[in-house]
Amino acid sequence: MKTLVTKTLLALAFAGVLSSCEKKADREVIPENPGNYIIAVTPTAIAGKADYLLTASSLESGAASIIGNGVEQDGTYRYYVTANNKLFSMLYGQGSPGAVTVYGVTDGKLNKLNDYTSATVHAFAPVGDDILTVRVPRRIAAAGTPTVYEWYRVSTATNAEVAKGTVDAIMPSGNGEIAHLSWIKQVGNKVFAPYFSIYNSFFTKFPDQAGIAVFSYPQMQYEKTIRDTRTSFIGRYFVDGLGLVENGDCYAFSSSVAADDDPATTAVDAKMTSTKPSAITRIKAGTTEFDMSYFFNFEEASNGYVITNWLNIGQNKFIANIEPKLTKGQYVTGKRLAIVDVVAKTVKAVTGFPEVKDISSVTTTNYSPKDGKTGYVGVNLASGATYVYKIDASTATATQGIKVEGGVITAIQHLQ
Amino acid sequence: MQIKKFLLLGVLCTYVIFTKAQDRQASLSGRLTGSAGEPIPAATVKLQNTRYGVVSDQNGYYKISNVKPANYIVQVSAMGYKSQNKQIKLAAGESGSLNFVLAESAEQMEMVNVIGRTKAQEVNRQAFNVTAIDATKLYNTTLDIAGALDRVAGVRVRESGGVGSNFNVSLNGFSGRHVRYFIDGIPMDNFGSSFQVNNIPINVAERVEVYKGVVPMWLGSDALGGAINIVTGNRHRNYVDASYSYGSFNTHRSVLNAAATSQSGLTVQLSAFQNYSDNDYKINLRTLLQNNMQDDKRAAQVRRFHDVYHNETLIANVGVVGKSWADNLLLGMTMGQNYKEMQTAARPEAVYGQLHRRGNIVMPSLKYKKADLLPGLDVTINANYNLGYEITIDTAKADYDWDGIRDPKVSMGETENGQHVKYKNNNGLATTMVSYRLSEHQAVAVNNVFSTFDRKSDNLLFPDRNALNVPKKMDKNVLGFGYSYDVDNKWSLNLFGKYILLKSVVNSFSQKNMDHKLGYGTALAYYINPDVQIRGSYELTNRMPEANEIFGNLENEAANPLLKPEKSDNFNLGVIYGFKINEVNRFSITTNAIYRYSTDFIYSRLVGGTGQLRDYTTSDNRDGVRTTGFDSEIRYSYKSWLSVGATLTYQMLRNMQKHDYNASTRDYYPDESLVYLDQMPNIPYLFGNADVSGSFRNVFAKGNNLTVGYNLLYVNRFWLDWPSFGNPTEADKNAIPLQLSHDVNFVYSMKNGRYNISLEARNLADKPVFDNFALQKPGRGFYLNFRYFINQSK
């Protein structure tokens, strides 16, 4: 009896060891795809893991895979920006300062040029020969401590920090709430920073105000706030709501997604509070005031949609993500695309793009050669397949391009 | 509720039995020495034709308690000595004393060798996959418990830095909270940061038992991957053991263990220890980290400047021992505190210069133990309550780079917004164990462990937020029951079950959860012959999410209230084989094969994203993880002075989750995951140790011994992320490099171990070593240790 039990146990243990003969499904091996396009891929395998940077020779056909290819990025969440023909891979998390790695492309392959550390930032953009980054407070500081933005200037020539400083983060809103910058943009020799004001948990008591803080550069002195009450705030959390066109005019969109804690429930949850429509407004070149003669009611023009993000493709045209007004939210990104002409005030739905029900997410950082015609947008399908779609603005059509294997597309960039 | 009844019952029983059993038992103690006066440890002392028997301690003392008054023949046998018998008559209530002087015997050695086992060796022969470290052999080192564990096959301790740094013990690839810690069988889950295996010196323990995969029911817990039990033992009745060491990076450690026991059995036991280190070891900086340093300070190698760690702990017990109604009844108090500066976040990119943490433990405790309360009935009761708190302080208005220079700023906090939160977990614990021997070979046992958790936090920086605090409560009960059948040196069988009940209140009084799980297992050992033991064990084990996993820890861990319990099928199969070529060349080989299949496997990942807690880790469920592997130990000894050993561990953890989870659609992707069957990332899979030590007797003077030892640690390189992803080259893919570390030590002990001086050198080659990605551990260090030991037990 005792030997029997031993034997059974033995057999069980070995059966376990031997059962490791399962096989992975067969897959076609996708080789390296050298080229000047860079696709940042976030693997779907485990949340909170690092990206891989792939190269591609074309966005319109072929395939690229992170299986056996790609440059691993450390950390959890990254943003990518190009300036001075360099790709800056900016780590968002990992303690307060983040690592930034700078890449160039030589012979179709990524090569590391340098790296440096920067502060964790919430908004960043090329300004002049620098990359300007700003860290934005999310809470009113503890008693006795000022609530400030912390900004850093990094030279794109030397890749080193050249200056840093702080600016009061309450003053721009003028209403006592934190002016949480949604993004920053160089406009002329100024830095424009649209904001949404918040008191806590990204809620506001002032849902029907738009504001853009204006700073001098490179001193980063706060100069004034451009205000408007025709729309809710400009841009969104981590979304650039400003678009600069060739003649120097600056267009701004509002999604109309200001929110406050829903008083009807005890839990902390959002209730849409803005009474203004999603719309596009304008600041004429050389001025620092909203152009009151221009107002583009996006909800009307699109028959009930709000704009959630856009990609400037040149010649006053944008590829916009749009979402039905009924399902809009603070963090909802539209899965439908439309071609928006801000001068002609037209909205044209894009056809040929995957059905909304089939889409898991649409990439935020996309690429356009700014020819007034073409944009490349990443789409992550619910099936797990991931593609770049080429959008032709002249016909408002989308065509499936390069297939990407291994994860979702976080960014599409291009270097010379 | 349940536990109260148990306690009450226990107390009632003890009253009833005291009156009955009082003053009827006798005891016998004494000391065994060789002809030169040297103590003889690990000798077997038996009362002939009875089941009374003990093994002598390292100083040759023995004590047999609770003996029926009668005439006895005392039989002593020890490896390398001739056996001896003596007669004694023990009267009721008498404490007899009998010393033996044993003559050496070469020919006897072979016969006694199987019998002469230390307690640690005894534990190693259980049917469970267990390794016991004989801590007494390490008393002259400066190791903490974690350091000693690192030399066991199948165990890897990953540290993020020097003394007091974050550590993670992995048992056959299971790590973190899959592994549970116990001290004398009492769960340490809620002891806080002031009393952990990385700050408890090895001298506090008598032995450390490492149970891999299958955990016996008497360690009442819901471990998934195994358990570590620190046994402090009641080594001596009257003794002082004090040591102090000083070494590199301004490291000071001291330990004092002492006990005084009166004739009547009144006892005071004290254990105090302290660690202090600047941890200012040098680390290599990549250019990336040098860019922000002040020009004149820029260097490829810098000293850590904000990494001081110290802790002080005092454990005091007062009570009685050796009574007819109690082997021991002790009221105790554990008081301790720790202070830890944090030099970096999870990566050296984030440098801190002021951020630090404090914690303390204030824990009254009660311990009661009585073997043979009624004939064959053993009872153990323990209870404690931790009043300690933890506090993280980040109120600096400054930033730091690796140059260590304070750059003032107007905003607060080196992390976002700053932090100053104090919290108490209000942990209570009660354990009861009752076992009963049905016959010479059979026993049954019931074990119950109840624990409670009720966190209260106080935000000192933003007091207005205290109003938003939500309830965080958790009660857990683990009821274990077991049966064992044991024929010494032939075979043994264990069958056991564990029923776990968890009740929690998460974030709102209305949100009450209750969950329960049943697990079971068996362990079998069979001796093919006295030298070869085969053992196999299996457990279906369940682990409930812990309080910190559900509620977070306010420092670096984010809450996940939706975490599911995990479960695992754990198999072990092992062979222990001891053999000799001749009388002077001896070998022992231990090999274990393991198989684990875990579902809803809880693992830790970074939160990520852009939210406030993005740098925190959080616990999450993975559908399946399978581990196969083996670990092996081989040991060779030549006569009694040379010992050579090596361990090797190979473990392959594979991802069995077939489909990736899509957080945005809250559903699985339909296609097969590209990492299905891939090796789990960031887990060491091939590592080992090798050691050589030689002991020389009567060096310079009679009774003075010298031991020289060398230890090698090897950990093979492993990837930080999934092996299939990315271009697998040094430049494009992150890895934790191969680790090789050489340690040597010299121990000179005088007057038969009363005075000891030892010198240790660690990481002799001064090579950069890493357990975790980019977090460099200390380089070469030297440590000098003094120890004084005196035992007055009679």
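The values are calculated or read from the model by the stated rules, or taken from the named source; none is laboratory data. Since the model is a prediction, treat every value here as computed from it, not as a measurement. Positions of Cβ are generated from backbone atoms using ideal geometry, with glycine treated the same way; all protein chains shown enter the neighbour counts.
Sort out which residues of region B:472-507 are of a type in the set (Gly, Ala, Ser) and either over 25 Å from residue B:222 (Cβ atoms) or in contact (Cβ under 8 Å) with a residue 60 or more places away in the chain (or both), and write them in order of number.
B:480, B:482, B:492, B:497
Got a number for residues in region A:36-54 being at pLDDT 95 or above and surrounded by fewer than 22 Cβ atoms within 10 Å (Cβ to Cβ)?
So the answer is 1.
I'd like the full set of residues that are part of a loop (DSSP other than H, G, I, E, B) and at pLDDT 85 or above, limited to region A:68-82.
If the condition is that a residue be part of a loop (DSSP other than H, G, I, E, B) and at pLDDT 85 or above, then A:68, A:69, A:70, A:73 are the ones that fit.
Of the conditions (1) surrounded by fewer than 17 Cβ atoms within 10 Å (Cβ to Cβ); (2) at pLDDT below 90; (3) over 30 Å from residue B:544 (Cα atoms); (4) over 34 Å from the mean Cα position of the chain (by Cα), residue B:440 fails just one. Which one is it?
So residue B:440 meets the others, but not (4).
Could you tell me whether region A:180-198 includes any residue that is crowded, with 22+ Cβ neighbours inside 10 Å and within 11 Å of chain B (Cβ to nearest Cβ)?
No, region A:180-198 has no match at all.
To keep it simple, each residue is scored yes or no on (1) within 30 Å of the chain's Cα centre (by Cα); (2) surrounded by 19 or more Cβ atoms within 10 Å (Cβ to Cβ); (3) among the small types (Gly, Ala, Ser).
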| position | (1), (2), (3) |
| --- | --- |
| B:570 | yes, yes, no |
| B:573 | yes, yes, no |
| B:576 | yes, yes, no |
| B:583 | no, no, no |
| B:593 | yes, yes, yes |
| B:599 | yes, no, no |
| B:605 | yes, no, no |
| B:611 | no, no, yes |
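Out of the residues in region A:353-375 meeting the condition of being farther than 22 Å from residue A:331 by Cα and assigned to a strand (DSSP E or B), tell me which one is nearest to the other protein chains (Cβ to nearest Cβ).
Looking at residues that are farther than 22 Å from residue A:331 by Cα and assigned to a strand (DSSP E or B), I get A:375.
Could you please find all residues in region A:133-156 being among the hydroxyl-bearing types (Ser, Thr, Tyr), within 13 Å of chain B (Cβ to nearest Cβ) and in a loop (DSSP other than H, G, I, E, B)?
A:145, A:147
Does any residue in region A:157-170 that is more than 9 Å from every other protein chain (Cβ to nearest Cβ) and free of Cβ contacts under 8 Å to residues at least 60 places away in the same chain come within less than 9 Å, Cβ to Cβ, of a residue that is assigned to a loop (DSSP other than H, G, I, E, B) and among the acidic types (Asp, Glu) six or more places away or on a different chain, and which pairs are these?
Going by the 9 Å Cβ cut-off, the qualifying pairs are A:170/A:177.
Answer yes if at least one residue in region B:712-735 is more than 29 Å from residue B:626 (Cβ to Cβ) and in contact with an Asp or Glu (Cβ under 9 Å, 6 or more places away or on another chain), and no otherwise.
Yes: region B:712-735 contains one or more residues that are more than 29 Å from residue B:626 (Cβ to Cβ) and in contact with an Asp or Glu (Cβ under 9 Å, 6 or more places away or on another chain).
Please specify each residue of region B:278-301 satisfying the condition of being more than 14 Å from chain A (Cβ to nearest Cβ), touching a residue at least 12 places away in the same chain (Cβ under 8 Å) and not basic (Lys, Arg).
B:278, B:279, B:280, B:281, B:283, B:284, B:299, B:300, B:301
Find the strands (runs of 3 or more DSSP E) located wholly in region B:512-604 whose residues include 2 or more that are modelled with pLDDT under 90, and list them.
B:512-529, B:566-580
For region A:102-113, name all the residues that are in a strand (DSSP E or B) and either in contact (Cβ under 8 Å) with a residue 60 or more places away in the chain or at the interface with chain B (Cβ under 8 Å from one of its Cβ atoms) (or both).
Result: A:103, A:104, A:105, A:109, A:110, A:112.
State all residues of region B:615-633 that are free of Cβ contacts under 8 Å to residues at least 40 places away in the same chain and either more than 14 Å from chain A (Cβ to nearest Cβ) or surrounded by fewer than 21 Cβ atoms within 10 Å (Cβ to Cβ) (or both); if no residue qualifies, say none.
Hits for region B:615-633 are B:622, B:623, B:624, B:630.
Of all residues in region B:645-687, how many are at positive phi and either assigned to a strand (DSSP E or B) or touching a strand residue (DSSP E or B) at 6+ places or on another chain (Cβ under 8 Å) (or both)?
Within region B:645-687, residues that are at positive phi and either assigned to a strand (DSSP E or B) or touching a strand residue (DSSP E or B) at 6+ places or on another chain (Cβ under 8 Å) (or both) number 2.
Suppose we filter region B:518-558 for residues that are closer than 27 Å to residue B:593 by Cα and not hydrophobic (A, V, I, L, M, F, W, C); how many remain?
Result for region B:518-558: 18.
Would you call residue B:176 surrounded by fewer than 23 Cβ atoms within 10 Å (Cβ to Cβ), at pLDDT below 90 and over 11 Å from the mean Cα position of the chain (by Cα)?
yes
Yes or no, residue by residue, for (1) more than 22 Å from the chain's Cα centre (by Cα); (2) without any contact (Cβ under 8 Å) to a residue 40 or more places away in the chain:
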{"site": "A:289", "(1), (2)": "yes, no"}
{"site": "A:295", "(1), (2)": "yes, no"}
{"site": "A:303", "(1), (2)": "yes, yes"}
{"site": "A:306", "(1), (2)": "no, no"}
{"site": "A:319", "(1), (2)": "no, no"}
{"site": "A:327", "(1), (2)": "no, yes"}
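Go through B:241, B:222, B:184 for me and flag whichever is of a type in the set (D, E, K, R) and buried (at least 22 other Cβ atoms within 10 Å of the Cβ).
None of the other options fit; the residue is B:222.
Out of all the residues in region B:664-700, which are within 30 Å of residue B:634 (Cα to Cα) and over 33 Å from the mean Cα position of the chain (by Cα)?
B:698, B:699
Being acidic (Asp, Glu), out of contact with any His (no Cβ under 9 Å at 6 or more places or on another chain), within 24 Å of residue B:356 (Cα to Cα) and touching a residue at least 40 places away in the same chain (Cβ under 8 Å): is that true of residue B:241 here?
In short, no.
Conditions tested, residue by residue: (1) outside the structural domain of residue B:655 (by TED's automatic domain parsing); (2) without any contact (Cβ under 8 Å) to a residue 24 or more places away in the chain; (3) more than 30 Å from residue A:77 (Cα to Cα).
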| site | (1), (2), (3) |
| --- | --- |
| B:571 | no, no, yes |
| B:578 | no, no, yes |
| B:581 | no, yes, yes |
| B:585 | no, no, yes |
| B:592 | no, no, yes |
| B:595 | no, no, yes |
| B:598 | no, no, no |
| B:602 | no, no, no |
| B:606 | no, no, no |
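Quick check on region A:118-132: of everything there that is part of a strand (DSSP E or B) and at the interface with chain B (Cβ under 10 Å from one of its Cβ atoms), which residue is surrounded by the fewest Cβ atoms within 10 Å (Cβ to Cβ)?
Among residues in region A:118-132 that are part of a strand (DSSP E or B) and at the interface with chain B (Cβ under 10 Å from one of its Cβ atoms), the one surrounded by the fewest Cβ atoms within 10 Å (Cβ to Cβ) is A:119.
For region B:242-348, which fully contained strands (runs of 3 or more DSSP E) count at least 1 residues that are under 28 Å from the mean Cα position of the chain (by Cα) and small (Gly, Ala, Ser)?
Result: B:251-261, B:266-277, B:309-321, B:328-341.
Taking only region B:402-422 into account, find how many residues are more than 8 Å from chain A (Cβ to nearest Cβ) and assigned to a loop (DSSP other than H, G, I, E, B).
5
Out of the residues in region B:33-66 that are on the phi > 0 side of the Ramachandran plot and crowded, with 19+ Cβ neighbours inside 10 Å, which is nearest to the chain's Cα centre (by Cα)?
B:42
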